[in-house]
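The values are calculated or read from the model by the stated rules, or taken from the named source; none is laboratory data. What you are looking at is a predicted structure, and each value in this text was computed from that prediction instead of being measured. Methodologically, a virtual Cβ is constructed for each residue, glycine included, from the backbone with ideal geometry; neighbour enumeration extends over all protein chains shown.
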Amino acid sequence: MPVRILLIDDNLPDRVRYRRMLQRVTGDYEIMEAEDGTQGLQMLDAERPFACVLLDQDLPDLQGLDVLEDIRERPDPPPVVMLTGEEDAAVSIEALRRGAADYLMKRRIDEDRLLRAIQGAIERSALARRLRDNEQRLTRFYRLANQTEDALFIVDAATARVTECNEAARHRLQLVLSDGDAVSQPAAFASAESWQEFCRRVLAEGSASYEWHSQQGDGSAATFEILARCIEEEGTPYIVAVGRDISVRKVREQDLIERSLRDGLTGVWNRRAFDEHLVEYWREAARRQRPLAVVMIDVDQFKAYNDSAGHPAGDDCLRRVAQALRGGAPRDSSILARYGGEEFALLIEDADAKSAQVVAERLRQAVIALALPHPSSDVSASITASIGVASRIPSSEHDDTRTLVIAADAALYRAKQAGRNTVAMDGA
């Protein structure tokens, strides 16, 4: 497609000369001519745009500088090359100040100068348009980035310093200006060393995440997460990161974990939770060389109760027994779980055999106090429980934790053999 040029000049010989110059150089130009400023401005209003305007300074109706200003005020104006027959530095400076792309003296114009002026004006105009578009996109990006609640920031990988960030990053990560445009590490990191170690990990692995907890202005707890990736730009590595509040997600995750570890019927911990806590408590007891006790509780003749009273009554019985056991267990140092069926297990920290026996007896009495009728029992007229107790001081955290459960279970078996509704101790 030919390049459209608008030539505004009242001098016919000059117009003919410029047209011939361009036609000799190349056939890729489509030249439209106007004899004065008014006609030229009207032609600019046509549907097809012009790539460049050659504008004479001295026109019969308007001053070239005024026409230039009118052109520059239009949306997406074409570049303008001013033409004059006078060597007036003030006019040339004023033309450039008002937005002319170039300035040519008529008597010095030849094919080369004219072509270079037109091509240069078109190329500079295209570059300016691209820069303007990029600036508009960047402005829009920063405006939108500053409206998001996510903390966005860029890190110079060589110095581990944040160089760009949005408002959320400044507020939530407490990024404070320090050296010019560079800022210190996010406040989420306890020290410069921990922040630099995180940056090294991102560079080494390509990506990394970091999670921290803080308090919000209203005193509520909040959990934040930083996700960072290493990106190279022209051979220079940068770390691009986003930090976001994941408090709601964490609450949901914790709720799911809690549900997976809770017994759906009784609301106490389940067997899986008991086994996990047993390992943790065992390690701590081994480290501190303190005793750890396991109490196994079994509802006496529960199958007979379930068969005679019905499953709904059996479920209600287990719920009420669990509630009674929870009320009798040490509040801050024990874990109560439904171990399976009608069997419950209690894990007690810092409990030797004697203190664990006291707790076990309190639990047995709590079950009796429920006074749940059990007509099918040959032990008592109401629901009772048999209990086995074992206590150990682990010699090592690597000892088999099952030995403690096995010992308590053996004691429970002896309690049943002794007639039920009693507490039996390991080794007794």
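For the range 198-235, the candidate set comprises residues that are of a type in the set (A, V, I, L, M) and modelled with pLDDT of 90 or more; within that set, the residue that is nearest to residue 247 (Cα to Cα) is 227. The single condition from (1) closer than 29 Å to residue 164 by Cα; (2) not in a strand (DSSP E or B) that residue 209 fails is (2). Tallying residues that are crowded, with 17+ Cβ neighbours inside 10 Å and either touching an Asp or Glu at 6+ places or on another chain (Cβ under 7 Å) or among the acidic types (Asp, Glu) (or both) within the range 298-323 yields 5. Only residues that are touching a residue at least 12 places away in the same chain (Cβ under 8 Å), part of a helix (DSSP H, G or I) and surrounded by fewer than 21 Cβ atoms within 10 Å (Cβ to Cβ) were counted across the range 341-356, and they come to 2. Comparison of 272, 201 shows that the only residue that is without any contact (Cβ under 8 Å) to a residue 24 or more places away in the chain, assigned to a helix (DSSP H, G or I) and assigned by TED's automatic domain parsing to the domain that holds residue 155 is 201. Just the residues that are surrounded by 16 or more Cβ atoms within 10 Å (Cβ to Cβ) and more than 30 Å from residue 161 (Cα to Cα), please, taken from the range 240-274. Hits for the range 240-274 are 261, 262, 263, 266, 268, 269, 270, 273, 274. In the range 390-423, the residue that is farthest from the chain's Cα centre (by Cα) out of those that are among the hydrophobic types (A, V, I, L, M, F, W, C) and surrounded by fewer than 23 Cβ atoms within 10 Å (Cβ to Cβ) is 418. One residue alone among 320, 287 is out of contact with any Ser or Thr (no Cβ under 8 Å at 6 or more places or on another chain), modelled with pLDDT of 95 or more, in a helix (DSSP H, G or I) and among the basic types (Lys, Arg), and that residue is 320.
Here residue 55 meets the list (1) in contact with a helix residue (DSSP H, G or I) (Cβ under 7 Å, 6 or more places away or on another chain); (2) farther than 22 Å from residue 1 by Cβ; (3) in a helix (DSSP H, G or I) almost entirely, failing just condition (3). Annotation: residue 387 fulfils all but one of (1) among the hydrophobic types (A, V, I, L, M, F, W, C); (2) exposed (fewer than 15 other Cβ atoms within 10 Å of the Cβ); (3) at pLDDT 95 or above; (4) touching an Asp or Glu at 6+ places or on another chain (Cβ under 9 Å); the unmet one is (2).
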